[in-house]
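Heads up, the thing below is written out as structure tokens.
The values are calculated or read from the model by the stated rules, or taken from the named source; none is laboratory data. Quick caveat, the model's predicted, so the values are computed rather than measured. Because the Cβ atoms are built from the backbone with ideal geometry, glycine has one as well, and the counts that use them run over all protein chains shown.
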Amino acid sequence: MLAELFFHPQLQAVWLLLVVVMVEKLWRWPAKYHPLSFFRLLASRMAAKVNPKGHSIGQQRLSGSLGPIVVLAPILVCIGLFIYLAEFPAFFDAFLLFMALTYQPVLDALGKIQRALDAGKKSLARNLAQPLLLRDTEQLTSMGLSKAVIESGLLRFYHQYAAVLFWYMLLGGLGALTYRLLYEFSQVWNVRQAEYRYFGAPLAWVCRWLQFFPSRLSMLLLLLVHAPQKGSKAGVQQGAQRTPRVTLLAYSGAALGIQLGGPAFYNGNKVRLPKCGGERQAEPADIQTAKIAIVKTQWLVISLSLLLSTLPLFIKGI
């Protein structure tokens, strides 16, 4: 019976999913050797070539729309053909998921930043936070830095972890990798940076739709495991700036009891973002609280993924 469960084609994918999430938690793939680092570099070099200064808004939007298709489509088609012809496609599916599901280094960085802030080493904390943040960090106070890294940790969990698992469940490893590459390109071409305001807009729009359901579902799960009564009373002062990002931060911040959002500087330019969430200002200790909430939600997301994977088999009868 155990052998039948293990070697059942659909249950193999379930075992491999469990193995991947455990390995992702326990083993660190060095960033400089990770394929995603190559694709981020590729996105940066590509933007320098096809998005020079002087292009009209329409040209920038067109380049930003065609760029990911021209670069990623041939690579993904080749990977898809390789998996189709492989003798053990489930193994390669799991490897693609492992490549796309990279989040544990974010949690590690949050812990290091908190310890640096607790020790009064603000300069060290800013240096550690820089890879996680797009915004300028030089002038951030302990409170501002705590808030910024909590925001980054939450949003990256929703977008880099929950959404990757969601697309893996729907479309397998290739679907998860495709989403993650589009997300990485959109991060490099972030529309909060002036040079990518129009160039990165088409890809940002695509990613918002790809993230819409999984990010909200994982947000609701975070409220469920942490503080549903607080999250349900989230006060959002968003006005005309209502965006998916603000909605996620509003309810997450309310559940954690801290205020998120607010003005931020990007390349020296002040961007006014709505304050949302709770009423209390963030403190370094709140970083650990956010980490605990994220880890609990991780396990709930994983459990839900495993349940949804096996449920059809038990309904039909293995």
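The table that follows gives values for the structure above.
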read-out	value
Matching entry among GLY144, GLY58, GLY80 (being out of contact with any Phe, Trp or Tyr (no Cβ under 8 Å at 6 or more places or on another chain), among the small types (Gly, Ala, Ser) and more than 30 Å from PHE265 (Cβ to Cβ))	GLY80
Test result for ILE83, touching a residue at least 12 places away in the same chain (Cβ under 8 Å), surrounded by fewer than 15 Cβ atoms within 10 Å (Cβ to Cβ), farther than 22 Å from ALA129 by Cα and more than 23 Å from the chain's Cα centre (by Cα)	no
Identity of the residue in the range 250-272, among the aromatic types (Phe, Trp, Tyr) and in contact with a Leu (Cβ under 8 Å, 6 or more places away or on another chain), that ends up nearest to LEU220 (Cα to Cα)	TYR251
Single match in ARG135, ARG126 (criterion: surrounded by fewer than 23 Cβ atoms within 10 Å (Cβ to Cβ) and assigned to a helix (DSSP H, G or I))	ARG126
Matching helices (runs of 4 or more DSSP H) fully within the range 155-233 where at least 3 residues are within 18 Å of the chain's Cα centre (by Cα)	163-188, 201-226
Residues being surrounded by 11 or more Cβ atoms within 10 Å (Cβ to Cβ) and at pLDDT below 90 - total across the range 30-45	1
Top-ranked residue of the range 156-193 - restricted to ones that are of a type in the set (Gly, Ala, Ser) and touching a Phe, Trp or Tyr at 6+ places or on another chain (Cβ under 8 Å), ranked as surrounded by the fewest Cβ atoms within 10 Å (Cβ to Cβ)	GLY175
Test result for SER303, out of contact with any helix residue (DSSP H, G or I) (no Cβ under 8 Å at 6 or more places or on another chain), at pLDDT 80 or above, part of a helix (DSSP H, G or I) and not hydrophobic (A, V, I, L, M, F, W, C)	yes
